[in-house]
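Single-structure report; data block below.
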Amino acid sequence: VREAKKMNPALRRALESVVGPSGVFASLEDRLCYSFDATTISSVPALVVLPRTTEQVSRVVSVCHDEGVAVVPRGAGTGFAGSAVPWQDSIALSLERMNRVIAFSPADLRCIVQPGIVNAHLQKLVAKERLLYPPDPSSLEVCTLGGNVAQGAGGPRALKYGSTKDYVTYLEVVGSRGEVWEVSERSSGYDLLSVLVGSEGTLGVFTAIGLRLVPLPGSWRTFMAYLGSLEEASQAVVELSSRGIIPTVLEVMDKVTLRCVEEYLGRPTHDEAGAALFVEVTGEDEEVKVVSDRIVGTFEKMRSRRFEFAQTEEERESLWVLRRSVSPALARVAPTKINEDVCVPRSRLPELMRAVEGLAQKHRLRIYTFGHIGDGNLHVNLMTDVRDREEVKRVEECADSLFEITLAMGGTISGEHGIGISKAKYLPLEVGTTGMRIMSGVKRAFDPEAVLNPGKIIPPDLTAASKF
Ligand SMILES: Cc1cc2nc3c(=O)[nH]c(=O)nc-3n(C[C@H](O)[C@H](O)[C@H](O)COP(=O)(O)OP(=O)(O)OC[C@H]3O[C@@H](n4cnc5c(N)ncnc54)[C@H](O)[C@@H]3O)c2cc1C
């Protein structure tokens, strides 16, 4: 863990005068709690500041701007790219106390929330009015809407409904000098709303978020299909996609991941299965029946298969728990889990599966693969131990090859987890020199003095105006 330089006491007093003494954490114990995300990257912030209002956020950013101190916005710290790690003697600006629903209009299918509200809390609230907020990252019980918007989060339901970027209608933003401004789906000119979604805290701090809601589907069918191999599972997905059959959720677990999560939850194991597909179809009764029958019919053509259908809400929830427990279960396999979320066109999935198996053998690594296979988005988890430098070198070589292979297939290095620190060095491979030049220009236009989360997405040497 990298410790921050000592913070100037005058700055601490200035921040306390904005948010009150209880809104600033200065002890090392408190600051350590804000030093990491879900990667292995960590760095202790100089201070943690916890505002409650837009005005406080604005004044905090303004003070930091004038003092030349970087500000790293933070939700729940569940990101997988190091984006919320408070680099460079910055302050961690935690939005956790801004967790109110500002407005909710079921008739307009809209709500406006503060950024610190937890995704699952919003889901429960809108469900009472028979509405759905579709984006559902598997961390939904913890992660915040602010973090979701800043990462452009996806989730299992993205296959049918799309990801966070498809649901943001409005943002109130605190800019790098503390100025407060607004942008919405109706704003004319360049589409700044789209630029901000997925900007990982580098362009502005979101203090209010408008979201689109959809009607809660009335009917569901949820099941697991246990197939012979990962390649067979990916062929089944290609078959579904080429026949235009799109469920709401289509997730995969390879053999070792399935076994790991079953053992973690103390459930009976499916030793014969080489992979499992978790499927949910939602909608009106007739639609659910037709679509799920067609999916089952497709899987029945596979060489080996077994099904487990949820009959009750409890059984449905139990299958969801299995899927959502994958990350905590894998945390027990090795001290360090590097989760690379590559995404390829669906037709290339069988090829990607073979390539991942080849990489595991070539680099002598344990690889656990799961993810949103229906979207072509796989989480390839390289299991290691950061203390084993020789193995970590092989992990890095393996990740380099994985990204090269993904890009050669017309894919992307990040399906949903973002770029942050961990993938910043690979971004130029995907977007090219011109893409990087334009992105650096965007960063400078929003944040000329590099106050907001510097060094994330764009490697520091490209942020020419940075004074940090
Ligand atoms: C078990 C597990 C499962 C996961 N499953 C998924 C999944 O299915 N799909 C998926 O996409 N991701 C998933 N993730 C990754 C992570 O949960 C998401 O990226 C999530 O959106 C992060 O939200 P957070 O509140 O934790 O944000 P943080 O990690 O705290 O921050 C993420 C980024 O958002 C910025 N930020 C936070 N709040 C604001 C704000 N108000 N204004 C501006 N910037 C802000 C931060 O600076 C940082 O750059 C998973 C993570 C875990 C640990």
task: Please name which of 56, 99, 73 has its Cα lying farthest along the dipole of the range 24-107 towards the positive end, using unit charges on Cβ (Lys, Arg +1; Asp, Glu -1) and the Cα centre as origin.
output: 99
message: If I take every Cα pair under 8 Å that is 6 or more residues apart in the chain, average their sequence separation and divide by the length, what percent do I get for the relative contact order?
response: 15 percent
query: If we count other beta carbons within 10 Å of each Cβ, what is the order of 17, 58, 22, 325, fewest first?
result: 22, 17, 325, 58
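Find the relative contact order for the range 318-426 and round it to a whole percent, using C-alpha pairs within less than 8 Å whose residues are 6+ positions apart.
Reported relative contact order: 33 percent.
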message: Within 13 Å, Cβ to Cβ, of residue 49, how many net charges do the neighbouring residues add up to if Lys/Arg are +1 and Asp/Glu are -1?
response: +3
query: Can you give me the Cα centroid spacing of the range 82-125 and the range 25-70 in angstrom?
result: 16 Å
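To the nearest 20 debye, what charge dipole does the range 153-232 have about its Cα centre, counting +1 at the Cβ of each Lys and Arg and -1 at the Cβ of each Asp and Glu?
280 debye
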field: Label point at residue 124 placed 7 Å out along Cα→Cβ; residues across the range 141-158 whose backbone nitrogen lies under 11 Å
entry: 141
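For the range 130-209, count the residues as N, evaluate 2.2 N^0.38 Å, and divide the Cα radius of gyration by that value, please.
Values: Rg = 12.8 Å, N = 80, 2.2 N^0.38 = 11.6 Å.
So the range 130-209 has a normalised radius of gyration of 1.10.
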statement: Going through 128/423; 160/456; 255/393 one by one, the pairs whose alpha carbons sit over 32 Å apart turn out to be 128/423
query: Nearest 0.05, what FRET efficiency do residue 105 and residue 55 give at R0 = 25 Å with Cβ-Cβ as r?
result: 0.50
message: Can you compute the modelled spin-label distance between residue 195 and residue 354, with each label point 7 Å from Cα toward Cβ, in nm?
response: 4.3 nm
- prompt: How large is the dipole of the range 279-411 about the Cα centre if only Lys and Arg carry +1 and Asp and Glu carry -1, each at its Cβ, rounded to the nearest 20 debye?
  reply: 720 debye
- prompt: How much length, in nm to one decimal, is gained on full extension between residue 306 and residue 272, taken as 0.36 nm per residue of separation minus their Cα-Cα distance?
  reply: 11.3 nm
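We did not get these values from a lab; they are worked out from the coordinates using the rules stated. Treat the numbers as computed from the prediction; the structure is a model and nothing was measured. All Cβ positions, even for glycine, are placed from backbone atoms using ideal geometry, and neighbour counts span all protein chains on display.
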